[in-house]
Every structure is written in structure tokens, then in C-alpha cells.
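J.: Take a look at the following structure, please.
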Amino acid sequence: MRISQPKITQKEQEIIYSVEVNYSQGNTVLYYSLDAEYADLVSSRSDAALVALLILAMIHGEDIYISGTISERLYYNLSGSYQKIIKNILPYLQLVNIHADDIQPASGNPSGVATGFSAGVDSYCVLADHYYKKDVAPGFGITHLLYNNVGSHGSGGEGLFKQRYEILKAFVSEKIGLPFIAINSNLNLLYEKVTFQHTHTPRNISVALLLQNGIKNYIYGSAYTYQDVFIGAKKDGYGIDMAYSDLVTLPLLSTKTLNAFSAGSEYSRVDKILKVSQVEDSYKTLDVCVNNNVTENCSTCYKCMRTLLTLEIAGAINLYKDAFNLEVYYQQRDNYIAKHIINTKNPLNQEVVRFAQDKNFEFPIITKPVSLKNQVSHKIKSILKKIK
Ligand SMILES: [Zn+2]
């Protein structure tokens with residue numbers, strides 16, 4: 001894989017960073033674009049392109065020849081331990097060599113502190129600790145919020161990215177008052193069939209590296225607790241979420257001047273929801289839904305349901321009446337509890353059960369026989385399967 005020197009151009013109000021990519025699948029261009037107002041943040045180094053494209057080169061087992069300047073520390077880590085770690089997570093990857101034209105220590109003295117903002121529980125939790133809280137440690141108070149199009153919008157793509165950004169932008173400028181930067185990219189289109197969930201860390205960190213001229217701390221909201229840190233494949237049985245390894249990999253994706261790190265692993269999922277429920281700004285805008293093609297919470301998917309049940313147990317559900325359709329939630333709730341909460345093996349759902357016990361919250365009686373019925377029918381099915 002050959003990656004050209006980055007080109008930075010301006011087209012009307014947009015600043016565009018692009019590299020040409022030549023590899024076994026053909027010639028293409030990787031680009032990022034953002035409002036020219038933030039041109040000062042954009043680094044002309046090749047770091048962003050290398051982090052973004054490394055996995056693609058590893059999928060095809062192609063050595064990388066990259067023009068432009070790579071930061072010294074990043075080059076060292078990407079050439080060595082980082083590849084070995086992600087190969088453990090995604091075993092189909094192949095180790096590759098990286099040949100860089102120019103390797104220099106990162107320089108400059110950036111002062112910004114950025115985090116991605118999706119209005120989800122993890123991002124509000126980061127804001128609770130690094131923005132809303134009094135006495136944030138000097139140098140760690142958030143100065144910029146980022147909104148990336150690197151794959152999280154699923155099949156909705158660029159259209160949904162823009163739609164969601166516009167909705168959030170009005171709220172961020174009115175309520176939060178921090179610069180809210182939309183970074184568009186075609187990166188997701190290059191990743192072929194490799195899902196976002198399995199590769200979100202390097203995709204998002206490539207954006208932080210793009211902005212390393214002005215950003216010194218990039219805070220990545222954690223998805224899991226310290227006890228869950230895991231390097232390997234398929235721990236949760238639902239696929240391989242790259243977030244399990246963030247605490248280990250983010251320092252390897254940093255440079256001398258850009259410190260990328262994970263925050264929030266001291267909290268369980270229930271702790272985080274309780275923390276966020278103290279942030280008034282979240283009441284109308286909290287967005288937890290897994291349904292990629294909607295701009296509002298569906299109030300029926302497993303994430304909407306789990307969040308709402310936790311809020312209900314905490315006695316805080318009515319605060320969120322504008323962000324969710326509570327009527328729809330209450331219609332589904334008993335069935336959800338019976339199927340997914342009582343006798344659950346899912347660690348996040350088990351947390352909700354413990355929280356209910358702590359709060360002396362009684363699950364509705366109706367959920368228990370249904371649950372029993374589900375178990376019995378499951379048992380019968382598995383016996384029948386064995387007989388077959
Ligand atoms: Zn939903």
C-alpha cells in the first residue's frame with residue numbers, strides 16, 4: 001500500500017485533508033473535511049492517514065510505504081506492539097511493515113482538549129467529569145467537541161451524519177456553548193465489510209491526530225470498566241468490540257503532543273446512567289438508541305429499554321420524557337424484563353438486577369411467570385435439538 005503525502009486544500013468554507021492510496025484493491029483517495037474556521041487545528045503530518053489505513057493494509061497483508069512525516073512515537077508503536085494487539089482482537093489481520101519517508105518527534109505546543117460528542121451516556125459521562133464538574137484538573141477541561149463521520153452512522157452514511165449533526169449543533173451552541181466540529185470523511189467506505197464496532201478506535205483516533213496541531217488531550221469515552229479490559233476475540237459472545245482494549249491501545253495511538261486516553265472505566269453502566277441523570281442538559285437530548293437510521297430514540301431497542309429501566313429504578317425516568325416515548329416503553333417493559341432481565345446472563349443486565357435489589361425495586365409480578373415460561377420453552381427446545 002502506498003500512501004501519498006497529505007494535501008490540504010480549501011474549498012469555499014471547507015478545509016480538506018486528503019491522501020492518495022494505491023493498494024491491491026485499486027487507487028483511491030482518503031479525505032477528511034471540516035469547517036475552515038478550524039483550519040489551525042489541522043496537522044499536515046501523515047499520522048491521521050497511517051492510523052486510519054493501517055487496518056486496511058493488515059486485512060490485505062500489504063506493507064505500507066508512506067510519504068510525508070510520521071510522528072516518532074506513533075511510528076514506533078504502530079510498527080510494533082499495536083499491530084500485535086489488534087491481531088489478537090481481529091485474528092484475520094496480518095502483520096505488515098511500515099516504511100515512512102520522514103520520521104520526526106511531534107512538535108508544537110497545542111492546548112485544546114477534545115472529546116467526541118454523540119449525546120450518548122458515555123459522552124455525557126465524559127462531559128460530567130471534564131466540563132460540568134467544578135474543579136476539573138488544569139489542562140483537562142474540554143475545549144472542543146467533535147462529531148465524526150467515520151462509520152458510526154451505519155448505512156445512513158453522510159446524510160444521517162449531517163442530519164444528526166444539525167440537530168445536535170443547535171443544542172450544543174445554545175446549551176453547552178463549546179465549539180462543535182463536524183469532521184466528515186469517506187473512511188467508512190474504504191473499510192469494506194469490517195464493522196465499525198470492531199474498528200472504531202483507530203477510526204476515531206485518526207480524527208484526533210488530524211487535529212493534533214491544536215489538540216493536546218483527546219478523551220475517548222470508555223465503554224467498559226477496568227475489570228473488563230481484555231485483549232482477544234469474542235469475550236462477550238456478541239462479537240468483538242474493540243473498546244475492551246482501549247485502555248491499552250490509546251497510549252499507543254498517541255504522539256509526543258497528542259495524548260489520547262480512555263475515561264470513565266471507574267464506572268459501571270448503571271453508575272454512568274446515574275451520573276448522566278444529574279446533567280440537566282441531557283434530559284432532552286440523551287441519545288442511546290442502536291437503531292442507526294433514526295434521529296430519535298426508538299424507546300424499544302435493547303439499549304433504549306435498559307437505559308429507561310435503569311432510570312425508572314433510580315426514580316429519574318420522568319426527567320427524560322422528552323428524549324424518549326415513555327408510553328411505548330411502558331408497553332414493552334414487562335415483556336422486556338421477563339425476557340432479558342430476570343435470570344439474565346448478560347453482565348450489563350445483571351447490573352440492572354443488582355441495582356433493582358439495592359433500591360428494593362420490585363419487578364412487576366407478571367414478568368416472573370412469563371420468564372419461567374420462556375425458560376421452560378427454551379429447555380424443551382434444547383432437549384428437542386439434542387434428540388434430533
Ligand atoms: Zn432505541
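J.: Determine the gain in length on full extension of the stretch Asp322-Ala36; use 0.36 nm per residue of separation and subtract their C-alpha separation, reporting nm with one decimal.
T.: So the extension gain works out to 99.5 nm.
J.: What spacing in nm lies between the two simple spin-label points modelled at Lys87 and Lys134, each 7 Å away from Cα in the Cβ direction?
T.: Each label point lies 7 Å from its Cα, and together they span 5.2 nm.
J.: Among Thr28, Thr257, Thr69, which one moves the most in a GNM of the chain with springs linking Cα atoms closer than 10 Å?
T.: Of the options given, Thr28 has the highest mean-square fluctuation.
J.: Exceeding 25 Å between C-alpha atoms, which entries from my cross-link table qualify? They are Lys162/Lys216; Lys84/Lys275; Lys175/Lys272; Lys134/Lys275.
T.: Correct reply: Lys162/Lys216; Lys84/Lys275.
J.: Based only on Cα atoms, what mean projected area does the convex hull of the chain have, in nm²?
T.: 21.0 nm²
J.: What percent do you get for the relative contact order of the range 2-263 when only Cα pairs under 8 Å and 6+ apart count?
T.: With pairs under 8 Å counted, the relative contact order is 23 percent.
J.: Taking springs between alpha-carbon atoms closer than 10 angstrom, which of Glu351, Glu37, Glu12 fluctuates most in the Gaussian network model of the chain?
T.: Glu12
J.: Going 7 Å from the Cα of Lys175 along its beta-carbon direction, which residues of the range 100-115 have the amide nitrogen within less than 19 Å of the resulting point?
T.: Flagged as within label range: 115.
J.: Taking 7 Å along the Cα-to-C-beta vector as the label spot, tell me the Gln13-Arg354 distance in nanometres, rounded to one decimal.
T.: About 4.9 nm separates the two model spin labels.
The numbers here are math on the coordinates, done by the rules we state, and not lab data. Note that this is a predicted model, so its numbers are computed, not measured. Using ideal geometry, Cβ is built from the backbone for each residue, glycine included, and neighbour counts are taken over all protein chains shown.
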